[in-house]
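Q: Okay, handing you the structure first.
The values are calculated or read from the model by the stated rules, or taken from the named source; none is laboratory data. Small disclaimer: the values here were computed from a predicted structure and weren't measured. As a convention, Cβ positions derive from the backbone with ideal geometry for all residues, glycine included, and neighbour counts pool all protein chains shown.
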Ligand code: 3HC
């Protein structure tokens, strides 16, 4: 046997970590395609533009070869007996018949059109997502009304956007006049009545169904007829929000990704009530704000979170088994080419948010392998939520 150098051993370990975490994610993407939940193009776009991955999962399988991925999963399944590692039927078929899985670029559909004119956008909320969404619309020329409960929080949204625009100026990507124009399009209000004239309202408040339902009841009372009412929820049933209003045809999901000004994806979620021209208008607005829209049904996790969070949860389990988490982060960036390691990303998203999403996925899909990892639960119980508390899986100054 040839002795391995330290470098070769390190590379082998990285490859193993990457394969352990990435192959089940690839399998899961095939299952999503096979179930008809989303198109191949939308699955690949979702992971590229929502998480910054260099390639979508189906494209990765095509490049590696379906048979190679199938064989790796089959070997793993033989060890674990976990259904999540059992090669998807469609992967077996692709391997046996030499088929490819990825779709083409979306060019075969006519570009969506704005079917309802939108000039003024209302955003409800003052958190990270709300703030990013305000920036996205204001930068794209829309007048934005931000509604929050406290004026200090509204002021902080505007200050945060001003700082972001100043960074862009410092990098030579923008100028003072643009900054003033963007800020000039933003107005703030502590009363919801300010949303009366909005053509589109995007809700980005607490992930709590009762709180969101109360808001939608109020939006139904306040907003003008024909206004589009969008929620950014990542885990609540949108149908339930639609049906508290007298206009369920106007209610839709617009799931943005963190950081919203940078990540190009919006998952557009329709319910059985959503009008086609509302869906089309929202997709056209995404294009006008430089975003890539994908179509999703009203199901927990949509495309991205359903594929991303089980992988993050698996990373926590791998660390629990004794693998150093810094080594896991490094292996994923180095081998899979993802922009952040799983623990870096968990700390950005927040362990509380990640746990809530994983619990929802576990409940919705009933996969035993989706059970939240004990360490994730412990981090949340200890208040170690990630960057926002200064400590999560990593520690921040
Ligand atoms: N707001 C505005 N702009 C930001 C920003 C922020 N919060 N963070 C970074 N940027 C900008 C920078 O200013 C920079 O802009 P420039 O190119 O014009 O100079 C650009 O983004 C790149 O930033 P950096 O060079 O500082 O950093 P990186 O190259 O490391 O990129 C990243 C940062 C784009 C965030 C990259 O690490 C990435 O793609 N990470 C993956 C994030 C991800 O997976 N998000 C999805 C999470 S899941 C989710 O949101 C769903 C929810 O339901 C939980």
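Q: Which residues, counting only those in segment 230-258, are touching a strand residue (DSSP E or B) at 6+ places or on another chain (Cβ under 7 Å), within 19 Å of residue 45 (Cβ to Cβ) and in a loop (DSSP other than H, G, I, E, B)?
A: 232, 234, 257, listed by residue number.
Q: Could you check segment 104-147 and list, in sequence order, the residues that are under 30 Å from residue 206 (Cβ atoms), assigned to a loop (DSSP other than H, G, I, E, B) and under 23 Å from the mean Cα position of the chain (by Cα)?
A: The answer is 125, 126, 127, 140.
Q: Continuing with the same structure: Mind telling me which of the residues 210, 177, 194 ends up being under 23 Å from the mean Cα position of the chain (by Cα), at pLDDT 95 or above, more than 16 Å from the ligand (Cβ to nearest atom) and assigned to a helix (DSSP H, G or I)?
A: After ruling out the rest, the residue left standing is 210.
Q: Within segment 41-60, identify whether any single residue is buried (at least 19 other Cβ atoms within 10 Å of the Cβ) and part of a loop (DSSP other than H, G, I, E, B), and answer yes or no.
A: Yes, segment 41-60 has at least one match.
Q: Tell me which residues, restricted to segment 234-263, are within 11 Å of the ligand (Cβ to nearest atom) and either without any contact (Cβ under 8 Å) to a residue 12 or more places away in the chain or out of contact with any helix residue (DSSP H, G or I) (no Cβ under 7 Å at 6 or more places or on another chain) (or both).
A: If the condition is that a residue be within 11 Å of the ligand (Cβ to nearest atom) and either without any contact (Cβ under 8 Å) to a residue 12 or more places away in the chain or out of contact with any helix residue (DSSP H, G or I) (no Cβ under 7 Å at 6 or more places or on another chain) (or both), then 255, 262 are the ones that fit.
Q: Of all residues in segment 264-295 being over 17 Å from residue 229 (Cβ atoms) and within 16 Å of the ligand (Cβ to nearest atom), which is surrounded by the most Cβ atoms within 10 Å (Cβ to Cβ)?
A: Top of the filtered list is 294.
Q: Of all the helices (runs of 4 or more DSSP H) wholly in segment 259-343, which have at least 1 residues that are more than 30 Å from residue 246 (Cα to Cα) and in the same structural domain as residue 25 (by TED's automatic domain parsing)?
A: Qualifying helices (runs of 4 or more DSSP H): 304-320, 325-331.
Q: Right, here's the next one. Within the bounds of segment 345-366, is there any residue that is near the ligand (Cβ under 10 Å from one of its atoms), buried (at least 17 other Cβ atoms within 10 Å of the Cβ) and not in a helix (DSSP H, G or I)?
A: Yes - at least one qualifying residue is present in segment 345-366.
Q: Any residue in segment 175-186 that's more than 14 Å from residue 137 (Cα to Cα) and assigned by TED's automatic domain parsing to the domain that holds residue 163: show its pairings with residues that are part of a helix (DSSP H, G or I) and at pLDDT 95 or above at Cβ separation under 7 Å, as long as the two are six or more apart or on different chains.
A: That search, which allows pairs on different chains as well, returns 175/169; 176/169.
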